[in-house]
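All remarks here apply to the structure that follows.
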Amino acid sequence: MGSLSQTHEVPHSVDEECSHLLPWLRQKAGAEISSHLTIGKSVYGRSLFASKPIQAGDCILKIPHSLDLTADNLHPSVSSLLGEGVDDDVKLALVVLLHQKLGQASELAPYISCLPRVEEMHNTMLWSNDELEMIKTSLLYEITLQIKDIIEEEFLNIKHVLDRFPEYFEDVTLHKFKHAYNLDFFNHDIDSETRVLNDDFEPVSKVIAGKNYAPGDEVFIRYKDVTNDKLLLQYGFMNPSSEYHTVLVEFTVPQHDHLHAMKLDLLDRHLIPDEMGLNVINWFIVRNVERSCVEGRGISIELRAFARVAMESGSLFPQKMPQWMGIPLGETTLPLPFPIIWSSCELQQLAMEATEDDGHLARVPLKNKAREMEAHQFLRLRFDDMIENHSAALEANSVAFKYYDYRFLCPSKIIYYNTSSSCTRVHENLQQSLTRAASPTLSGKCARRMQLARDLLTNDLQILRSASVWLKNYCEALKV
């Protein structure tokens, strides 16, 4: 079950429900699985703990591949009706659901009974739509909705097969189907060097300790060097202080741009594929930008290249023109005092340069300083807009969390005092969503997800502000 700890010394108790799991694995494997570990419960959920001193480099767990739960474990009568186009993840979820239905009659009952319960998991794809409203200003919201739609489509595609086997799948819902995707016992620590390895010479998976553990210490592994967005999406937790925190931002070429089609084609052919693997050319990952960093490391070269191509004079600026641009336009949008509209010939020249070089488009600063400045002003205005929206959502979330318990007594008495129209709108939407989502039995789950939303938005804000400050300084330097 995925979670995070700032210390390995965590109070825990023996998990009586799962005390049989390791002996059962040992019996099934016909060999020792682990003499170093025991299963217990801590504030982070069900976990593995050191039962005796562990030294860095020790093999603390060894699982034969014959015990791996895979799509091949699905009953042939079910698998044959699914067809070849069904993903293995779907089949594996059905394996879990089938054995959950069998209960103690299942040969895998000792393992299945120890899997995390749905109420213990906080992956955003398990959040209700009302709960997702808390992170609506983040693109993780959009990604989560896309993945939920994909899973729902997969569920509907196999529903006719489930209906053929009511003895196995009669009570399977979409929510239960989604829950069956996310299962493990090890907890995550970004600083842990303990990893799962596949042995090249024998069919086993081994867990090798990356540090020393004293008896009673919780044993952590590092899942992967993944961003907090992915951790929250896939595992239901995040590291608020992680160096791997990033912000996913979206930029588009204005629809009314007379070279809209040409720019999209150039970006599609020459821009590096997106880091999230979503095949979306206008989504970019932004990391924290050190103010002293001349290169602006954290704002990717691909994003700056996109801005250089996507910009169009006048069309990218809001009605309130910032004074730091050095152009006193007041409250209205007027044509800029220098000609910086791209021509088709100039764009073709950029494409030729990219082809003759390394194939990448607009990777170096433009020779025309006016164009270079506008491209980076475009980025900063987008970041500033995100900062305002994130701040409003974070403020609304914090107020809602502060009065969370009180709302159960009298929801209508919560009053928000922020006079900003955007903040008021976010406050009202969040209050309505959380009031619908909350109940006395779900209060702990909802509170945990509110905290996760706050952590996500807080870290997003830090990164967005660092990027905005750097872009401001970069544009000021161009004026010299």
**Request:** Test each condition in (1) modelled with pLDDT of 50 or more; (2) closer than 26 Å to residue 447 by Cα for residue 413 and report the one that comes out false.
**Result:** (1)
**Request:** Quick one: residue 157 ticks every box in (1) among the polar types (S, T, N, Q); (2) at pLDDT below 90; (3) not assigned by TED's automatic domain parsing to the domain that holds residue 40 except a single one, so which number is it?
**Result:** (2)
**Message:** Scan region 246-269 and tell me whether some residue there is modelled with pLDDT of 85 or more and in a loop (DSSP other than H, G, I, E, B).
**Reply:** yes
**Request:** Please work out which residue is nearest to residue 394 (Cα to Cα), limiting yourself to region 82-139 and to residues that are of a type in the set (Gly, Ala, Ser) and assigned to a helix (DSSP H, G or I).
**Result:** 93
**Prompt:** Is it true that some residue in region 76-96 is assigned by TED's automatic domain parsing to the domain that holds residue 220, at pLDDT below 90 and either under 26 Å from residue 158 (Cβ atoms) or surrounded by fewer than 12 Cβ atoms within 10 Å (Cβ to Cβ) (or both)?
**Reply:** no
**Complete:** Exactly one of 112, 150 is more than 18 Å from residue 227 (Cα to Cα), out of contact with any strand residue (DSSP E or B) (no Cβ under 7 Å at 6 or more places or on another chain) and at pLDDT below 90, and that residue is 112
**Request:** For residue 145, state whether it is in a helix (DSSP H, G or I), free of Cβ contacts under 8 Å to residues at least 60 places away in the same chain and more than 23 Å from residue 230 (Cβ to Cβ).
**Result:** no
**Asked** Restricting attention to region 52-70, does a residue exist that is crowded, with 17+ Cβ neighbours inside 10 Å, outside the structural domain of residue 166 (by TED's automatic domain parsing) and either within 26 Å of residue 154 (Cβ to Cβ) or touching a His at 6+ places or on another chain (Cβ under 6 Å) (or both)?
**Response** yes
**Prompt:** Going by the structure shown, is residue 469 touching a Lys or Arg at 6+ places or on another chain (Cβ under 9 Å), of a type in the set (A, V, I, L, M) and at pLDDT 90 or above?
**Reply:** yes
**Message:** If I filter region 290-297 for residues that are crowded, with 16+ Cβ neighbours inside 10 Å and modelled with pLDDT of 70 or more, do I get at least one hit?
**Reply:** yes
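The values are calculated or read from the model by the stated rules, or taken from the named source; none is laboratory data. Please read these numbers as outputs of a predicted model, since none were measured by experiment. Cβ atoms come from the backbone with ideal geometry, glycine included; neighbour counts cover every protein chain shown.
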